[in-house]
Amino acid sequence: MESAMFDIGLNITSSQFDHDRDEMIARAQAAGVNRMLFTGTSLDESERACAFAKRYEGCWATAGVHPHDASTWSDESAARLRALAGDAQVVAIGECGLDFNRNFSTPAQQEHAFTEQLRLAAELALPVFLHCRDAHTRFLALLDPWLDKLPGAVLHCFTGSEQEARACLSRGLYLGITGWVCDERRGLELRALLPVIPADRLLLETDAPYLLPRDLMPKPASRRNEPCWLPHILSRVAQWRGDDPAWLEATTDANAARLFLKSARAA
């Protein structure tokens, strides 16, 4: 069977990739990661992510304003985001949501920017690429009124509890799992709840250049994560779920295509 892996979270615009971006993408493709979604975290970064998506085959981008940057939100932000979302390479609104852990923007600013992006996604019939940290209850309260107006949603880089996972799954959300699950200290709770996630709601991502799997051997000298390590994450997730790796690979790839690619949703 032809390898088919879809990394749904890659921070392509990171300066850590400035010296070898083309080579990094080539390594990913050589490893069988033949579809990638580039994460937009601000208006400027979303525009850059979209431009990079046009450069590489099998790549798309999200467009949104991360809660850390919510203080920059304005009416102009909505207009720029709407225009950017009209590009064929942009397949989701986000990264958007709430982050009450660091509060680089105030909770009120975050909630406003989040709601406005949900409104835009509903208007444009685009799925949402979501972020939630230390804000679960408020996050769901703001998201709930929009769920029946959205074609889909993924809570990216999920690291919450089993109770939080079940609350998200009951609402039809996909959950994005990263190399965090490979951490022998912080990832144990997430590892234990993997079997709770229905296979048709599971997505895989690297969140590169962040969250390098701690159990990679040998460890890359750069300590930088790359999408070429997605097969390692896949193999570990399959092991801890008790799934056949090839089956899980095909399933998660189909899930990502169904959520993000209109042609797959229409099929």
*Counting only residues that are surrounded by fewer than 17 Cβ atoms within 10 Å (Cβ to Cβ) and in contact with a strand residue (DSSP E or B) (Cβ under 9 Å, 6 or more places away or on another chain), which one in the range 101-115 is farthest from M36 (Cα to Cα)?*
P107
*asked:* If I filter the range 161-171 for residues that are open to solvent by 40 Å² or more (accessible area, probe 1.4 Å), of a type in the set (K, R) and more than 24 Å from D148 (Cα to Cα), do I get at least one hit?
replied: no
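This table checks each residue for (1) over 22 Å from R55 (Cα atoms); (2) among the small types (G, A, S); (3) without any contact (Cβ under 8 Å) to a residue 24 or more places away in the chain.
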{"residue": "A85", "(1), (2), (3)": "no, yes, no"}
{"residue": "A88", "(1), (2), (3)": "no, yes, yes"}
{"residue": "A92", "(1), (2), (3)": "no, yes, no"}
{"residue": "C96", "(1), (2), (3)": "yes, no, no"}
{"residue": "N101", "(1), (2), (3)": "yes, no, no"}
{"residue": "F104", "(1), (2), (3)": "yes, no, no"}
{"residue": "P107", "(1), (2), (3)": "yes, no, no"}
{"residue": "Q117", "(1), (2), (3)": "yes, no, no"}
*Can you name the residue in the range 89-129 that is among the small types (G, A, S) and not in a helix (DSSP H, G or I) and is also nearest to D44 (Cα to Cα) among such residues?*
G94
*With respect to L212, determine if the residue is within 18 Å of the chain's Cα centre (by Cα), within 18 Å of D20 (Cβ to Cβ) and open to solvent by less than 40 Å² (accessible area, probe 1.4 Å).*
yes
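Can you find a residue that is closer than 25 Å to T115 by Cβ and among the acidic types (D, E) anywhere in the range 30-45?
For the range 30-45, residues closer than 25 Å to T115 by Cβ and among the acidic types (D, E): present.
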*asked:* Can you confirm whether D207 is free of Cβ contacts under 8 Å to residues at least 60 places away in the same chain, acidic (D, E) and closer than 22 Å to P127 by Cβ?
replied: no
*List every residue pair whose Cβ atoms lie under 7 Å apart, where the two residues are 6 or more positions apart in sequence or sit on different chains, the first residue falls within the range 25-50 and is open to solvent by 50 Å² or more (accessible area, probe 1.4 Å), and the second residue, located anywhere, is modelled with pLDDT of 95 or more and assigned to a strand (DSSP E or B).*
N34/M5; R35/F6
*Go through the residues of the range 145-155 one by one and say whether even a single one is at pLDDT 95 or above and farther than 20 Å from R258 by Cα.*
yes
*So which residues in the range 54-67 are touching a Phe, Trp or Tyr at 6+ places or on another chain (Cβ under 8 Å) and outside any loop (DSSP other than H, G, I, E, B), if there are any at all?*
C59, W60, A61, T62, P67
*asked:* Go through the range 185-228 and report how many residues are over 19 Å from T13 (Cβ atoms) and in contact with a strand residue (DSSP E or B) (Cβ under 8 Å, 6 or more places away or on another chain).
replied: 7
_Being open to solvent by 10 Å² or more (accessible area, probe 1.4 Å) and among the acidic types (D, E): is that true of D183 here?_
no
*Check whether at least one residue in the range 68-88 is touching a His at 6+ places or on another chain (Cβ under 6 Å), open to solvent by less than 50 Å² (accessible area, probe 1.4 Å) and outside any helix (DSSP H, G or I), and report yes or no.*
no
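The values are calculated or read from the model by the stated rules, or taken from the named source; none is laboratory data. The shown structure was predicted, so the numbers you read here are calculated from the model rather than taken from an experiment. Methodologically, a virtual Cβ is constructed for each residue, glycine included, from the backbone with ideal geometry; neighbour enumeration extends over all protein chains shown. Ligands, DNA and RNA are stripped out before the accessible areas are found, and what is left, the full protein with its side chains, is counted by its heavy atoms. Shrake-Rupley method; radii C 1.70, N 1.55, O 1.52, S 1.80 Å.
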